[in-house]
Amino acid sequence: MSGTLNKVILIGHLGDNVKMHYFESGNCIGRFSLATNEVYTNKTTNERITSTEWHNIVVKNKMAELCEKYLSKGDRIYIEGKIRTRQWVAEDGSNRSIVEITATDFTFLDVKKTSNNANQPQDNIAQQKQTAVDNFVIPKENNNDNVPF
């Protein structure tokens, strides 16, 4: 294979609510932590062990607004994205860096939060959420319709 690929697929639970940041240009970014768990059994003690890995997720613009509207701490989500490393100089002069997953696609798996509809029947809420997800189209980068397959 001569090319390279930077793709991450995660299914996990939100560690906190989505934190939004709005820019003067009208764009926005949402950030949240995502926990993924690995469960295994220690062969010597027969003890069940859960190992949690935390991921920093970044969603942009319309994706961020949808996540803020429908997701809350503990909800489960499927995320596809790219690994990005940001570096900066902190106020104390030290070099800092963070590894983030920039989401390119997502699917809500378990959603508890509603938007101003706390008293609606659950079926109606689920239908509204699915409609919001179905109506949201994420533009694919480098979409080439001339591909022969």
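Read the figures in this text as sums done on the coordinates, not as results from a lab. Keep in mind the model is a prediction, meaning the values are calculated, not measured. When we count neighbours, we look across all protein chains shown, and the Cβ atoms used for this are built from the backbone with ideal geometry, even at glycine.
Using a 10 Å cut-off on Cβ atoms, rank the peptides 55-61, 32-38 from the highest mean neighbour count down.
Highest mean packing first, the order is 55-61, 32-38.
Taking the simple approach of a point 7 Å from Cα along Cα-to-Cβ for both residue 33 and residue 62, what is their distance in nm?
3.1 nm
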